[in-house]
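Since the structure comes first, as structure tokens, the remarks are kept for the end.
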Amino acid sequence: MSEQSKEYPAVRLLGHRRVPLLEDTRVSQPAEYDAIATAYQDSKQLPFRQYVERYTLFDLLGDVRGKAVLDVACGEGFYTRLIKQAEAAEVTGVDISAAMIQLAEEEEQRHPLGCRYLQRDVAQFEPPSPVDVVVAMYLLSYASSREMLYRFCQVCYAALRSGGRLVGIKDNSHSPLVSSAALAKYGIERTAAAPSAEGDAVRYTLTNEGGQKFSFTNFFFKPETYEDAFRTAGFREFEWVPVTVHPAQRHNPFWADFLRDQPLIAFSALK
Ligand SMILES: C[S@@+](CC[C@H](N)C(=O)[O-])C[C@H]1O[C@@H](n2cnc3c(N)ncnc32)[C@H](O)[C@@H]1O
């Protein structure tokens with residue numbers, strides 16, 4: 001672990017307990033990303049996306065050459081494309097937002113990579129064939145109820161072959177989600193009830209490089225609730241992984257506040 005990153009206890013869940021799929025497969029919230037799709041796409045230019053988010057994900061993913069990958073909540077396909085360019089054999093992106101999928105498909109038409117996209121609610125998704133890796137970049141932050149969170153984990157589990165891995169990043173609910181002025185220089189504003197209770201809304205406003213602002217809502221659940229959702233879905237191992245900064249930026253003091261009050265956290269789970 002980098003000496004700059006805050007230390008969180010890694011959680012390992014070694015019990016293997018299969019449960020039947022939950023009855024409650026309620027439909028997720030309406031696709032708020034339809035209204036903010038292009039602003040979200042532009043936010044990928046923010047430095048934290050490249051030097052923290054992207055670096056942490058690929059560090060965690062390791063070698064994806066020849067692997068079958070499912071990218072759940074793929075958005076406009078930013079990581080779907082990068083994973084395919086990293087020589088994954090096949091990558092399918094799934095997202096509930098028609099506008100996000102349209103952006104992804106337009107990019108695929110402009111620069112064909114062989115990525116496949118499906119507009120689906122992950123809570124309703126029936127994975128067609130088992131994959132080696134499921135990538136869940138921010139999906140879990142959109143679970144507005146415990147049932148939905150457990151359902152997301154079940155779908156990710158069902159999509160994997162035995163021995164396959166789920167990796168992802170979500171907003172960080174380990175530290176209290178206080179509104180944090182220190183995050184403004186990274187283009188991030190966060191508004192949340194303090195203390196936050198299970199299921200509370202957490203409002204984020206991002207400011208893009210060009211000054212454009214856009215907002216979206218995530219939901220708070222305690223780390224233990226996520227851990228139970230992974231265990232209940234059947235994952236053999238689960239661990240939280242602190243985000244890290246790209247080595248080229250490690251000594252840049254710009255990142256000190258980001259690493260002190262890490263707004264993001266990664267995770268890895270093994271089927
Ligand atoms: C923060 S964006 C992340 C996009 C992409 N993973 C990335 O990192 O660039 C969150 C995405 O989750 C999608 N999403 C939210 N709830 C979903 C659901 N129930 N099923 C599928 N996608 C969902 C949104 O439409 C949005 O595109």
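The values are calculated or read from the model by the stated rules, or taken from the named source; none is laboratory data. Please read all numbers here as calculations on a predicted model, not as lab measurements. All Cβ positions, even for glycine, are placed from backbone atoms using ideal geometry, and neighbour counts span all protein chains on display.
Could you grab me the full set of residues in the stretch 239-261 that are in a loop (DSSP other than H, G, I, E, B) and crowded, with 20+ Cβ neighbours inside 10 Å? Result: Val243, Thr244, Val245.
Might you let me know whether the stretch 85-99 holds any residue that is assigned to a helix (DSSP H, G or I) and either free of Cβ contacts under 8 Å to residues at least 60 places away in the same chain or touching a Pro at 6+ places or on another chain (Cβ under 8 Å) (or both)? Yes - at least one qualifying residue is present in the stretch 85-99.
Residues in the stretch 109-150 that are touching a residue at least 40 places away in the same chain (Cβ under 8 Å) and charged (D, E, K, R): 4 in all. Whether any residue in the stretch 159-168 is among the basic types (Lys, Arg), at pLDDT 95 or above, surrounded by 16 or more Cβ atoms within 10 Å (Cβ to Cβ) and touching a helix residue (DSSP H, G or I) at 6+ places or on another chain (Cβ under 7 Å) is what I want to check. No, the conditions are met nowhere in the stretch 159-168. In this structure, is Leu60 hydrophobic (A, V, I, L, M, F, W, C) and part of a strand (DSSP E or B)? Here the answer is no, as Leu60 does not meet what is asked. Taking Gln41 as the residue in question, decide whether it is more than 23 Å from Leu166 (Cβ to Cβ), more than 10 Å from the ligand (Cβ to nearest atom) and either at pLDDT 95 or above or crowded, with 17+ Cβ neighbours inside 10 Å (or both). Answer is no for this residue. From the set of residues in the stretch 16-35 that are part of a loop (DSSP other than H, G, I, E, B) and near the ligand (Cβ under 9 Å from one of its atoms), which is modelled with the lowest pLDDT? Step by step, filter the stretch 16-35, then rank; the result is Val27.
Restricting the stretch 81-95 to residues that are more than 14 Å from the chain's Cα centre (by Cα) and surrounded by 24 or more Cβ atoms within 10 Å (Cβ to Cβ), the residue that is farthest from the ligand (Cβ to nearest atom) is Ala88. Going by the conditions given, is Asp59 closer than 20 Å to Gln109 by Cα and in contact (Cβ under 8 Å) with a residue 60 or more places away in the chain? No: the conditions fail for Asp59. Phe78 falls short on exactly one of the conditions (1) more than 18 Å from His246 (Cβ to Cβ); (2) modelled with pLDDT of 95 or more; (3) within 17 Å of the chain's Cα centre (by Cα); (4) not polar (S, T, N, Q), and that condition is (1).
Give the stretch 120-139 a look and list any residue that's part of a strand (DSSP E or B) and of a type in the set (Gly, Ala, Ser), or say none. The one that is part of a strand (DSSP E or B) and of a type in the set (Gly, Ala, Ser): Ala136. Does Tyr142 fit the bill of being within 12 Å of the ligand (Cβ to nearest atom), surrounded by fewer than 21 Cβ atoms within 10 Å (Cβ to Cβ), under 17 Å from Pro263 (Cβ atoms) and under 18 Å from the mean Cα position of the chain (by Cα)? When the stated conditions are applied, Tyr142 does not pass them.
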